[in-house]
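Here the structure is laid out as C-alpha cells; the discussion comes afterwards.
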Amino acid sequence: MDLEFAPEQRELMAAVRRFCDENIDGERLLRWEKNPGGIDDATWEEVTRLGWLGIGAPESAGGSGLGLLDVGCLLFECARGLVPTLVSHSVRAIWTLSRLEPEAPELPDLVAGRRRLALAVDEEATSRPEHFRTRVDSASGRLDGEKWYVPHADVADLFLVAVRDGGETAWALVGRDRVEVLPLRSFVTGETQGIVRFRGSEGRRLARPDFPFEQFRKEQTALALAEMVGGFERVLERTVAYVKEREQFGRKIGAFQAVQHQVADMATAFTASRHLSWQALSRVASGHEEPIDLPAAAAFVGQAFKRATMTAHHLHGGAGYVVEHPLHHHSERAQSLCIRYTPEREALESVATLLLDTPR
C-alpha cells in the first residue's frame, strides 16, 4: 500500500504546522484554559478563516469537500501542534454531520464558526449503541435520555446525538436551548466535558441508512490514531532534542547508553505506530480495510503513545512535569484519546477473536 501523502496533503500539513509553530505553546494553552472552549476568540476566528472546521464539509456549505484521509492529515498536525481540543472535536462533529446529511441547513454556520457542534454519543455505563437508553420518538422528533462525557458541551450550540429509534440506531440534531447541560470534571487542560440531558427535547431526526453507526466508529477511531501518532512524533522530537542539550556529570545525557536505549525504544515504537495508523486510516478512507486493521492499530498505538510520554517525562526530569511544558499537554491527550477511542481491553479482545476465528 502506498502511504505517501499527495502534494495537496503535504501542503495542508505544512500550513497547519507553520500556524502551530507561530501561535501555540504551553504557556498560551494555560492562558486559554481560562476561556470558554480553551481557546481565545482571535485563534478560533483564524482557524475558521483557514477553513479547518469545514475541511470535510461539502463545498455547498462553505467547506472544502475533502475526504477522511485529508481530515486525518489535519488532525495529525493539530495534535502535533497542541491545537485546542475544541477545534479537533468540532472538525470530527462537522465531518460526521456532513456524512449524515450533506445538505443540512446548519452546516454553513458551523463551518463558519458562528455556531459550535458537539458529538453526544456515549452514555454513563456504555458506548455500545445497542445498549443506548436515549431514544427519539419518530413521530414527534422528541428525545429522552442523557449522554455523558460530551466534549465541550458547555460551549456547544448544537448536539449531534446518537439515539435509539425502535430497534435501530439513529441520529438527531438538538439545539442547546432544548437540553440541560451538567459539567463533568476533565483532566485535559482546556477541555471540558458534560452530561447532556434530554427531557422530551425537540430535535430533528437525521436519516442516512448507508452511513451505519459502525462506520462512524471506524472513522472516529481512525482519526484518533492520526491524532495519536501526531502527538507521538512531537514528543519524540522534543525528547531527542532535550537529551542532546541537557548535561549531567559534565556530559550530555544523550551520551549515556541507558538514555539511548530508552530513546531507541521510543523511536522503534513510533515507527510501528506511524505505519499502523496511516495504514488503518488509508484503508478505512478507501473502504477496503481488513477486519484486523483498526483493532491491531488501536491495541498497539494507544499504549505505545502513553508509554512514550511517560519515558519522555522520565528523561526530561523535573522540566517535563511543570504544567507550562508542552509535554504535560501531550500526556493528558494521550490518556484521553486512549480512553475515548482505543480502550486497550476492547482492542485486544477484537484482535484475539479475529486471530482465533481465522482458519489456518
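The values are calculated or read from the model by the stated rules, or taken from the named source; none is laboratory data. What you are looking at is a predicted structure, and each value in this text was computed from that prediction instead of being measured. When we count neighbours, we look across all protein chains shown, and the Cβ atoms used for this are built from the backbone with ideal geometry, even at glycine. With ligands, DNA and RNA removed, areas are computed over all heavy atoms of the protein, side chains included. Shrake-Rupley method; radii C 1.70, N 1.55, O 1.52, S 1.80 Å.
Of note:
- When we screen Leu206, Leu143 for residues that are modelled with pLDDT of 95 or more, out of contact with any Pro (no Cβ under 8 Å at 6 or more places or on another chain) and not small (Gly, Ala, Ser), the only hit is Leu143.
- Taken across segment 126-134, residues that are in a loop (DSSP other than H, G, I, E, B), modelled with pLDDT under 95, under 20 Å from Ile339 (Cβ atoms) and open to solvent by 10 Å² or more (accessible area, probe 1.4 Å) do occur, with at least one present.
- Any hit, segment 94-102, residues being part of a loop (DSSP other than H, G, I, E, B) and under 28 Å from Leu206 (Cβ atoms): yes
- Looking only at residues of segment 1-54 that are of a type in the set (A, V, I, L, M, F, W, C), in contact (Cβ under 8 Å) with a residue 40 or more places away in the chain and under 30 Å from Glu289 (Cα atoms), we find that the one that is surrounded by the most Cβ atoms within 10 Å (Cβ to Cβ) is Leu53.
- Single residue of segment 189-213 satisfying the filter (part of a loop (DSSP other than H, G, I, E, B) and hydroxyl-bearing (Ser, Thr, Tyr)) that is most open to solvent (accessible area, probe 1.4 Å): Thr192
- Of residues in segment 55-91 being among the hydroxyl-bearing types (Ser, Thr, Tyr) and more than 23 Å from Glu289 (Cβ to Cβ), the one surrounded by the most Cβ atoms within 10 Å (Cβ to Cβ): Ser90
- The selection criterion, being in contact with a helix residue (DSSP H, G or I) (Cβ under 6 Å, 6 or more places away or on another chain) and closer than 25 Å to Ser282 by Cα, does not hold for Ala61.
- Among the helices (runs of 4 or more DSSP H) confined to segment 285-360, the ones with at least 2 residues that are buried (at least 20 other Cβ atoms within 10 Å of the Cβ) and under 17 Å from the mean Cα position of the chain (by Cα) are located at 293-316, 326-341.
- Test: Ala118 is crowded, with 19+ Cβ neighbours inside 10 Å, in a helix (DSSP H, G or I) and among the small types (Gly, Ala, Ser): no
- Only listed residue being part of a helix (DSSP H, G or I) and under 27 Å from Glu8 (Cβ atoms), chosen from Leu75, Leu66, Leu82, Leu53: Leu75
- Segment 258-280 residues that are within 13 Å of Thr239 (Cβ to Cβ), paired with ones that are surrounded by 14 or more Cβ atoms within 10 Å (Cβ to Cβ) and small (Gly, Ala, Ser) (beta carbon under 6 Å, 6 or more apart): Met266/Ala308; Ala269/Ala304
- Restricted to segment 166-188, and to residues there that are open to solvent by less than 30 Å² (accessible area, probe 1.4 Å) and assigned to a strand (DSSP E or B), the residue that is farthest from Arg217 (Cα to Cα) is Gly175.
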